[in-house]
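Peer 1: For reference, the structure I am asking about is given below.
The values are calculated or read from the model by the stated rules, or taken from the named source; none is laboratory data. For clarity, every value in this text was computed on a predicted model and none was experimentally measured. Reconstructed Cβ throughout: ideal geometry from the backbone, glycine too, with neighbour counts over all protein chains shown.
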Amino acid sequence: MVAVIAYQSLNSNSSTQHGLDASTSQTFLRQAQRTLCALYPQDSGALKYPVNPEIDPHVAIQGPAQLLPVAGATVMDVDKPSKKRKRDEPDAEADAAYREARLRALSMVEGKARQIYQQTFREFGEQCDLVVFGELDSDHPYWRSLTAASGKRVHVSSFPKACNCFSLHSSAAEIKMQPIADGEGWCAARCSGVLLAFVHVPNSLATKKADAIKFYNTIRSKLLTSDGGGVIDVVMGDTNQPTAMFSPGVISQGLYGDFRDGHGPGEITASDTWSPNKLTHQGTNSVDNKKFDVAVYNTSTVAKISVRYITQFSSSSGKAAAYTDHMGLLVKVEKK
């Protein structure tokens, strides 16, 4: 059994608004753009693969990638309109700029979704079975158009805060995914026989060993008693871990098994960028110093795992700009 999955967190903070406002011009997103702008030298940037919006996004499109230069450091800096303005006052310039920023955010997420499908073919030679967006409630009316780019909405895990939501999409003609269970900060599904837990570990638990172990133990207990559940094969997502090896340790203890990072130690090379000289990342977060986003696998049930990192970049006005504060993951998993 082989499953190919993509995971990408947006930047929705603790917003209780599930629309575009939750993911537009957030603080960490702005910081990510500043970090990436300084990191990528001239004549380097993001690779934009050819797409065809007239066909299903999972269909492979052949052709060379376009190299997009990185946009300026402050390109994503758009302030939200003040809530103190009276309703009968005319829209200010700031209001118009923010409306444009919201539409740009939607376009960038949709554009990245199509890129994920095309990149998967180039990395693994296979189509992506499942695309998962963390910190996104695609049931919200403002996000409904996302299905044209990301595939059918096969499950949405919705909680009061946008940062605890997960949206699962598939473009394949044959859906190979079954939702199993969810909770605050996690969502589980079985894809092509592989049982995956997608996580966004709450900040209040993420750096405390005992609390993190309890978080994963709660997931284990729920999945062992859920229809279609069982032993977890892969944990993917934003762990907010304090050190690179923290998550494999607490996951192993919380899930009662031997779990290891599918990427391993060392620097990160994004597979959807290009630079004349090898450009590596020290982290997956907004300031490039912490490896928050991981794919950790169960050594007892997984025969082989391949992990690729994808950048925070999407396309905006012909340039590469950050649409989130977290790197994403492409994973191919083969069960024993």
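Peer 1: Report, ordered by the first and then the second residue, all pairs with beta carbons closer than 6 Å, sequence separation of six or more or different chains, a first member in the stretch 260-284 that is of a type in the set (Asp, Glu), and a second member that is buried (at least 18 other Cβ atoms within 10 Å of the Cβ).
Peer 2: ASP261/PRO248; ASP261/VAL294; ASP261/VAL296; ASP272/LEU47; ASP272/GLN119; ASP272/ILE310; ASP272/THR311
Peer 1: Restricting to the stretch 166-211, and then to whatever is of a type in the set (Val, Ile, Thr) and in contact with a strand residue (DSSP E or B) (Cβ under 8 Å, 6 or more places away or on another chain), can you tell me which residue is nearest to LEU146 (Cα to Cα)?
Peer 2: This residue is ILE175.
Peer 1: Here is a follow-up. Hey, among VAL235, VAL307, VAL294, VAL250, which residue is at pLDDT 95 or above, β-branched (Val, Ile, Thr) and farther than 19 Å from PRO202 by Cα?
Peer 2: Residue meeting the stated conditions: VAL307.
Peer 1: Further question on the same structure: So which residues in the stretch 184-207 are farther than 26 Å from GLU110 by Cα, of a type in the set (Gly, Ala, Ser) and either without any contact (Cβ under 8 Å) to a residue 60 or more places away in the chain or in contact with a helix residue (DSSP H, G or I) (Cβ under 7 Å, 6 or more places away or on another chain) (or both)?
Peer 2: Within the stretch 184-207, SER204, ALA206 meet the criteria.
Peer 1: For the stretch 123-159: of the residues being more than 15 Å from PRO179 (Cβ to Cβ) and of a type in the set (Phe, Trp, Tyr), which is surrounded by the most Cβ atoms within 10 Å (Cβ to Cβ)?
Peer 2: The residue in question is TRP143.
Peer 1: Of everything in the stretch 250-268 that's out of contact with any strand residue (DSSP E or B) (no Cβ under 7 Å at 6 or more places or on another chain) and surrounded by fewer than 19 Cβ atoms within 10 Å (Cβ to Cβ), which residue is nearest to ARG308 (Cα to Cα)?
Peer 2: GLY264
Peer 1: Out of the residues in the stretch 189-244 that are over 20 Å from VAL331 (Cα atoms) and acidic (Asp, Glu), state the one that is surrounded by the fewest Cβ atoms within 10 Å (Cβ to Cβ).
Peer 2: If we take residues in the stretch 189-244 being over 20 Å from VAL331 (Cα atoms) and acidic (Asp, Glu), then ASP227 is surrounded by the fewest Cβ atoms within 10 Å (Cβ to Cβ).
Peer 1: Another question, if that's okay. Within the stretch 140-155, how many residues are free of Cβ contacts under 8 Å to residues at least 40 places away in the same chain and over 19 Å from PRO53 (Cβ atoms)?
Peer 2: Total satisfying the criteria: 2.
Peer 1: Suppose we filter the stretch 34-61 for residues that are without any contact (Cβ under 8 Å) to a residue 40 or more places away in the chain and touching a strand residue (DSSP E or B) at 6+ places or on another chain (Cβ under 9 Å); how many remain?
Peer 2: Summing the residues that are without any contact (Cβ under 8 Å) to a residue 40 or more places away in the chain and touching a strand residue (DSSP E or B) at 6+ places or on another chain (Cβ under 9 Å) in the stretch 34-61 gives 2.
Peer 1: Still on this structure, I have one more. With the checklist (1) closer than 23 Å to LYS336 by Cβ; (2) assigned to a loop (DSSP other than H, G, I, E, B) in hand, flag the one item ASN289 doesn't pass.
Peer 2: (1)
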